[in-house]
Every structure is written in C-alpha cells, then in structure tokens.
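Report on the following structure.
The values are calculated or read from the model by the stated rules, or taken from the named source; none is laboratory data. Everything quoted here is computed from the prediction, not taken from an experiment. Counting neighbours? That spans all protein chains shown, and the Cβs are built from the backbone with ideal geometry, glycine included. Surface accessibility is based on the protein's heavy atoms, side chains included, excluding ligands, DNA and RNA. Shrake-Rupley method; radii C 1.70, N 1.55, O 1.52, S 1.80 Å.
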Amino acid sequence: MSADSPRSQSCTCIAPINIAVIKYWGKSDEDQIIPLNDSISLTLDTDYMYTKTTATISTELTKDSIILNNEEASGDGVRFQNCLSEIRKLAASSKHASTVEKSKLKVAIVSQNNFPTKAGLASSASGYACLVFTLAQLFELESHKSELSALARRGSGSACRSLFGGFVQWFHESQPCVARPIAEAEHWPQLRCLVAVVSNTSKAVGSTEGMSRSVKTSKLLEYRIKHVVRDRVEEMKMAILQKDFVKFAELTMQDSNQFHAICLDTYPPLFYMNSTSQAIIQLVHRYNEIRQNIKVAYTFDAGPNAVLFMEEAELNRFASVFHSFFGSIPHESFFRGKVLDPVDSTKDVEALGPDNALKGQVQYTIVCHVGQGPKNIDPTG
Ligand code: DP6
C-alpha cells in the first residue's frame, strides 16, 4: 500500500478471470446471490487478461465513486454498494484501530479491464474480485480470505471464485456461501486454454436476467439441480485431482451443453451461442475423432466465445488446425498472450474436411494456462 499523504491512501491490484467447467446457473436467493448448485472453475493466468483496480480512501472525499473503463459509473449501484458496505462492516469490527478509522472514509475506485469487454469476455468476475481484494488490502483485511469470497459474491456470483488461483469450487450450501480452492495452479501444469473471441454483433440477455428467467421457466434446470449436477461436481473434482484429461474434457463439454440446453428450454429462450460457436463444437468433436481420443474440450458461457482446453502436447497442433479453419489473420497475430509454433496442418485439415466459409469467424485467440489469484501490484504492496 502506498501512503500518498497521512489523510489519503491508495492501493492497486489485479485480479484474474475464471472459467466455469461446471456452470453456475440459477439462484435460490437473488439478493444474497446464493446459487442453486455448486460450480467448479479454473482461474486463468493474468499474463494477458485481468482487471486492474486502484482504490483510494481520503478524508477529502465526500462520496464514494467508481470509474469503470474510463467512464464514470453509478457509485450507488446496488451491487457495488453491497460490496462496499459489507467490507466496511468487516473493517469496522476489526481489532485494529487504524482499520476501524479507514472504514469510515469514502472511497474512489478506478477500474480497468485490459481485455475488450465489448468482445463479450466475462468481466464481472474479475471486476468484483479485484474491487473486494483491493479494498481488503487497503483496509488490511487480507487474512480474511473466506469472508472476501463471500463479499465478492455480493457483486457477482462467479466473482467469489476469482479470489483464488488454480481449480476452485463454489459451495452453495456452505455458511457463509463461499468458494475454496480444490487444487493449486501448479497442480496440473500441462493444462492449456485457448479463449476464442468470436465475432458478435447481437446483444445477449445478461447472466443475471437470463438465469432468473431459467429458474422461473425451465424444467430442465430443475432436473439438472435434482438429478445431475451434484454427481457431476464430484466426478469433476476427481478428474481434476487425478489429472484425468479425458474425463475432465467429457464433463466440461457435457456441462456446457446442458447449460445451453437449459437456455433453449427457458421461455422465452436464451440464445448465447451462435453459428460460429456451433461450428467450433463440431470441429472439436471431429478433431477428437481423427485423433482417436479426447484431446480437446470446449465450454461456452453466456455468449458466443469459446474456451477450449487441451494439454500442452496437443496445443501447437490443434492451434494450427483451429487457425486454418477460423483465422483470417496471420498465425502470429491470431494467437495472443503467448507465442505458439505453427505446425503444418494440411493433413489434419484434409481429414477433417476443409470449410472455407468459416474463415474469419474467430477474430483472435488468447492463449492461457491456469493461474494465480489476485495480487497487489503496488511497489510496496
Ligand atoms: C454462465 O456470475 O455473471 O458464466 O451472479 O447474476 O452476477 P450474477 O451472474 P454471473 O453468472 C455467470 C454465469 C456463467 C457460469 C459460471 O461462471 O459459472
């Protein structure tokens, strides 16, 4: 934390995004943001994608304020205020007099995503995780890891998972309702992820509204909660702990498909995937067929962008195939975040059956691995 003056202090942190492989979709309590089921996610590294937040407290400030991606946002937004008032409550109950004093001051937040939110990449998870983590650093509450997860949850459900690195489970029945790590990021170092940014012009219904509509209308969601997701969470946990890629991949794809089936079963229906997303699904299944094993898995959140998982040994080969089908810019600019070695994919493309109509349907792809939780980036932090 840097002390700008005795009456003003600020702190800057970054937080990662997370991708659910067992999805959260549906709340039992909309105000408290309590999910209907447990979910499991992977935290992605912050080499390319993260939210960066600076929080300042000062005796000079007369109101709380928030600037999001260079635009003044409403400081009295319910979720923002919920997070803020909960963290102030935690600070006010501290045994440290300085923390109690700080909890009485107004805060100014400046937050920026370094990835294009307009491209439909999830930003609320890293955004709220970063807000809560940064305020906790400022108020010296960083040892309260579990409470912080519950606080981030009040901003956006999936944000409670972004407080941790590695493989994370969010427990719907825990008291308080929080996420906890299943395994550290280093547990499965071979795992790789490609985030494919799909051209998207249509405006989708947001997750909050979409899941509330599903809870009210989808019988399939009811079925999932009663009969599917409990066992699937346990199986996924085992697959992760055993680093069983085939099982992990199968469960990931099945859970994404069930989530999007629920979206179609919602009335009126929710269309998050588009024809490019469907083409990506087909390519992954065909690719796994010609490789005679499950080498790649896909998952889709509430939008058309694909998140693809594979182990490192498959990365360059699959990436070149993927580029051949969907890319219209050179290999080196199509893959961002890390440099990949191009591989001659002529034989694979022939076996898969080329389809020139797909060219340019994916704008670019971000190469990631499983990464760490939020961190303070102040030089003195
Ligand atoms: C499809 O966390 O964005 O990404 O809690 O209403 O803010 P709210 O919803 P949000 O929903 C995320 C839904 C999802 C699946 C997931 O991340 O588990």
Run down Glu147, Glu173 and say which single residue is more than 13 Å from Gly373 (Cα to Cα), in contact with a Leu (Cβ under 8 Å, 6 or more places away or on another chain) and more than 16 Å from the ligand (Cβ to nearest atom). Glu147
Take Ser103 and tell me if it is open to solvent by 10 Å² or more (accessible area, probe 1.4 Å), within 16 Å of the ligand (Cβ to nearest atom), farther than 19 Å from Lys27 by Cβ and in contact (Cβ under 8 Å) with a residue 24 or more places away in the chain. no
For the stretch 19-49, which residues satisfy the criterion of being open to solvent by 10 Å² or more (accessible area, probe 1.4 Å), polar (S, T, N, Q) and either more than 15 Å from Asn113 (Cβ to Cβ) or within 10 Å of the ligand (Cβ to nearest atom) (or both)? Ser28, Gln32
Looking at Ser275 and the list (1) under 30 Å from Ala152 (Cβ atoms); (2) surrounded by fewer than 22 Cβ atoms within 10 Å (Cβ to Cβ); (3) within 24 Å of the chain's Cα centre (by Cα), which single condition is not satisfied? (1)
Pairs, first farther than 18 Å from Thr208 by Cα in the stretch 33-57, second assigned to a loop (DSSP other than H, G, I, E, B) and among the aromatic types (Phe, Trp, Tyr), C-beta under 7 Å, six or more apart: Thr43/Phe164; Met49/Phe115
Which members of the stretch 69-101 meet the condition of being more than 24 Å from the chain's Cα centre (by Cα) and over 17 Å from Leu138 (Cβ atoms)? Asp76, Lys95
Selection within the stretch 198-219 - aliphatic (A, V, I, L, M), modelled with pLDDT of 95 or more and either away from the ligand (no atom under 16 Å from the Cβ) or open to solvent by less than 60 Å² (accessible area, probe 1.4 Å) (or both): Met211
Taking only the stretch 66-100 into account, find how many residues are in a strand (DSSP E or B) and buried (at least 17 other Cβ atoms within 10 Å of the Cβ). 2
Looking at Phe139, Phe167, Phe171 in this structure, which one is aromatic (Phe, Trp, Tyr) and out of contact with any helix residue (DSSP H, G or I) (no Cβ under 6 Å at 6 or more places or on another chain)? Phe171
Could you list, in sequence order, the residues of the stretch 226-275 that are among the polar types (S, T, N, Q) and either within 15 Å of Tyr24 (Cα to Cα) or away from the ligand (no atom under 16 Å from the Cβ) (or both)? Gln242, Thr252, Gln254, Ser256, Asn257, Gln258, Ser275
Scan Ser256, Ser277 and give me the residue that is part of a helix (DSSP H, G or I) and closer than 18 Å to Ser218 by Cα. Ser256
Quickly run through the stretch 151-172 and pick out the residues that are touching a residue at least 60 places away in the same chain (Cβ under 8 Å) and either part of a loop (DSSP other than H, G, I, E, B) or among the aliphatic types (A, V, I, L, M) (or both). Leu151, Ala152, Ser156, Leu163, Phe164, Gly165, Gly166, Val168, Phe171, His172
